[in-house]
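Heads up: the structure comes next, in structure tokens.
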Amino acid sequence: MTIKWVIVVLVLVLVSLQARLWFGEGSLAEVWRLRQSVKLQEQTNAEQRERNQVLEAEVRDLKQGLEAIEERARSELGMIREGETFFLLVE
């Protein structure tokens, strides 16, 4: 009769551990969800890094040279130099 009790106790312990593995804190489902979240965040971080590099280069250009300022004034504000003639090509 004692062997039956030992087996029952061991089965209960095994079921308890399995339940925690599948449904409890730190379960496989939670680990999978966290890995997906980390992967998504790494992708977002990479995109933001690229954007930061572009903005950093633009800031560097604006600080160092007048060419970037002139280009921006021409394209965004429609400005032209004195003595220039503006032509708008319509397709």
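The values are calculated or read from the model by the stated rules, or taken from the named source; none is laboratory data. A quick note: this is a predicted structure, and the numbers were derived from the prediction, not measured. Backbone-built Cβ (ideal geometry, glycine too); neighbour counts: all protein chains shown.
Below, the figures for the structure above:
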quantity: Boolean, L77 is aliphatic (A, V, I, L, M), exposed (fewer than 10 other Cβ atoms within 10 Å of the Cβ) and either without any contact (Cβ under 8 Å) to a residue 24 or more places away in the chain or at negative phi (or both); calculated: yes
quantity: Those residues of the stretch 47-91 which are in a helix (DSSP H, G or I) and aliphatic (A, V, I, L, M), in sequence order; calculated: V54, L55, A57, V59, L62, L66, A68, I69, A73, L77
quantity: Identity of the residue in the stretch 20-36, modelled with pLDDT under 80 and either of a type in the set (S, T, Y) or in a helix (DSSP H, G or I) (or both), that ends up farthest from the chain's Cα centre (by Cα); calculated: R20
